[in-house]
Every structure is written in C-alpha cells, then in structure tokens.
1. Once you have a ≥ b ≥ c as the square roots of the Cα gyration tensor eigenvalues for the range 108-307, tell me rounded if a/c is under 1.5, and otherwise prolate or oblate according to whether a/b is larger than b/c.
2. Quick one: 138, 45, fewest Cβ neighbours within 10 Å first, how do they rank?
3. FRET efficiency for residue 39 and residue 80, Cβ-Cβ distance as r, R0 = 25 Å, nearest 0.05?
4. Between residue 137 and residue 243, what length in nm is gained on full extension when 0.36 nm per residue of separation is reduced by their alpha carbon distance?
5. Taking the number of other C-beta atoms within 10 Å as the exposure measure, put 225, 159, 171 in order starting with the fewest.
6. By how many nm would the segment from residue 73 to residue 87 grow when fully extended, if each residue of separation counts as 0.36 nm and the alpha-carbon distance is taken off?
7. Can you tell me the length gained on complete extension of the stretch residue 289 to residue 305, counting 0.36 nm per residue apart and subtracting the Cα distance?
8. Could you work out how far apart the two model spin labels at residue 315 and residue 175 are, taking each label as a point 7 Å from the Cα in the direction of the beta carbon, and quote it in nm?
C-alpha cells in the first residue's frame with residue numbers, strides 16, 4: 001500500500017471549500033419570463049462549462065421552488081450544448097419535497113473511488129455468478145450503473161413529478177425499477193447533506209433502494225486523511241402500537257482510516273446479496289444470501305490510489321517527425337455565408353408549405 005504521507009502538498013491546496021446554501025437572489029417577479037435566479041444558475045453552469053475560475057463548492061445547495069426547477073430544466077433542454085455538457089460533466093440533484101437543488105462537482109477522486117469500488121463489487125458478484133442455484137442466477141443479473149440518473153417520486157405524492165438524483169455509483173438488478181445499492185462519496189463539509197440524500201433514496205423509492213453507502217473523507221485540520229463509513233437501510237419499528245418505516249444508519253460514521261492515513265480495525269464495507277434488489281426479487285435467496293465485503297485495508301488502498309493519480313510521465317513525439325494536420329471534410333468547409341443562405345432557404349420553404357397547406 002502506498003504511503004499516504006507522501007501525497008504532494010499541491011493536492012492539499014485543492015481541498016473542497018465549504019458547502020453553503022447559495023444565496024442567489026430573491027424570488028422571481030411574476031412578469032419575468034426567466035427569473036433572475038434561473039439566469040444566475042444558467043450563468044453558473046455556463047461558467048463551469050467555459051472553465052472559468054469560479055469559486056464553487058464541491059456540493060452547492062440552492063433553494064428552488066418546483067416551478068422554478070421545471071423552468072430551469074426547460075431552459076437547459078433548449079441549449080443542447082449546455083445540456084450535453086451537464087449530462088457528461090456535472091451532476092445535480094433536485095428534491096421536490098425540500099425544494100432543494102444540489103449541484104455537485106465530481107472530481108477525479110470521486111470517479112476513481114467509484115470505479116475501484118465497482119471492481120471489488122463486480123468481481124465478487126461474478127464469483128457468485130459462477131456458482132449454482134438462485135444466488136448465481138440473481139448475481140448474474142446485477143448491473144453496474146455508475147452515476148446513471150435516478151428519478152424518484154415523492155412518497156407522499158407518488159403520482160407527482162419525480163425528484164432527480166445523480167449518485168456516485170449504483171447497482172441495479174435487471175428486473176428492478178430502481179437500484180438496490182447506491183454509493184455516495186462526500187467530504188467533511190457535507191455529512192448532513194448526505195444523510196438527507198440517503199433518506200430520500202430509501203423512502204422515495206418505497207424501500208426499493210435497500211442500502212445507501214456513504215464514504216466521508218475528512219480533509220483539512222488535524223485529520224487530513226481520516227475517512228468514515230456509513231450505511232443507511234430501512235427498518236419497520238413498532239412505535240405507539242403502530243408500525244413505522246424508519247431509516248437506520250448502521251454503521252454510523254465509523255472510522256476506517258485514521259488521521260495518519262492508516263487503516264483501522266474496522267470491518268470495512270459489508271453488503272449482502274439481497275441488498276442489490278427489492279424484496280420482491282430476493283425472496284428466493286433464503287439461505288443463499290452471500291456477502292460482498294471490502295475490508296478497511298482495501299478501502300484505504302482505494303482512497304490512496306484515488307488521491308495519488310496525478311502522475312508526470314507522458315509520451316513525446318520524436319524529433320524530426322512532422323505532424324500532419326487533420327484535413328477538413330467537405331461538410332466542414334461550408335462557409336458561414338452558405339449556412340445563412342441555407343437557413344433562409346429553409347425558412348422560405350416553411351413559409352411556402354404553410355401557404356400551400358389548407359390546414360394552416
């Protein structure tokens with residue numbers, strides 16, 4: 001295992017700045033087509049897309065009414081370049097229950113941790129899948145979904161518009177509507193936000209999401225390398241003679257890497273095969289509920305690998321070798337004047353079609 005103390009200081013200089021409820025502006029006036037708040041959010045997205053040096057937390061929260069969120073979605077959909085960039089590079093969640101938009105800036109650390117945990121889990125599922133019986137058939141149908149967007153209804157309004165979530169990693173049975181296991185990576189500034197997110201996943205999915213795993217990396221201060229693990233699940237408990245669905249956090253913020261970067265004696269991440277799909281799909285697993293485990297040592301190795309990805313070795317073109325520039329295709333050689341001409345021709349054809357069509 002690499003020595004964590006050897007991580008260069010340059011890495012420490014890019015630690016996430018504190019999260020905040022972003023105070024954009026007051027509520028929009030009724031006579032505004034696009035509210036000031038929506039315009040500022042779109043400007044924020046475009047600034048990120050343009051690579052401008054903006055000060056934004058890795059987890060930025062904005063209060064946004066459902067109507068404003070719908071307007072934001074519409075504006076994004078109309079700008080195809082921005083929409084494509086957001087889908088590829090950004091993640092944002094919107095919870096209609098709390099009217100809260102969360103913009104998340106996934107870093108190389110997020111991506112690397114997600115990919116490496118995927119490898120551990122996928123390897124174990126493949127091992128189970130090579131066996132026999134219902135457990136084998138079940139494991140073969142678990143799909144690694146990565147950060148695929150999840151739309152969840154609000155549990156008190158299941159027929160209303162859904163909330164949107166972009167997890168760091170998720171795992172879904174081929175026959176299930178929702179993932180069974182979701183993994184989120186957070187920093188020390190966002191544990192409460194992660195707790196709210198876990199409740200939303202578990203309750204709004206109607207318990208179809210069985211386990212939410214939270215990895216919290218506490219960069220900064222005296223605990224630069226400290227990292228904790230939490231797992232949220234649902235449980236029905238008896239309260240005042242009534243059954244109540246409750247979210248249980250076990251383990252709860254338990255340390256698996258200490259402040260010096262060493263693995264603790266924590267058991268690590270422990271999941272069960274039945275966690276990967278809703279109860280309706282796991283009833284045949286009785287007596288065949290295999291375990292999927294990643295030890296504290298392995299989790300530390302995952303974090304260490306993610307934190308030390310900035311290498312310096314690169315290839316170079318040999319001296320004396322000429323680089324041939326890519327030649328433009330005929331389609332790319334169309335001049336802007338031609339494009340304007342084509343747009344005018346299209347408008348002229350559309351007007352002619354309306355004139356000739358008696359239905360207009």
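Please treat every number below as a calculation from the coordinates, not as lab data. Everything quoted here is computed from the prediction, not taken from an experiment. Here Cβ is always computed from backbone atoms with ideal geometry, including for glycine, and neighbour counts include all displayed protein chains.
1. Working: a/c = 1.62, a/b = 1.21, b/c = 1.34.
Since a/c reaches 1.5 but b/c is at least a/b, the shape of the range 108-307 is classed as oblate.
2. Ascending number of Cβ neighbours within 10 Å: 45, 138.
3. 0.85
4. Full extension from residue 137 to residue 243 adds 34.8 nm.
5. Starting with the residue having the fewest Cβ neighbours, the order is 159, 225, 171.
6. Numbers: separation 14, 0.36 × 14 = 5.04 nm, distance 1.21 nm.
Extending this stretch completely gives an extra 3.8 nm.
7. Using 0.36 nm per residue and subtracting the Cα-Cα distance, I get 2.7 nm.
8. Going from the residue 315 label point to the residue 175 one covers 4.6 nm.
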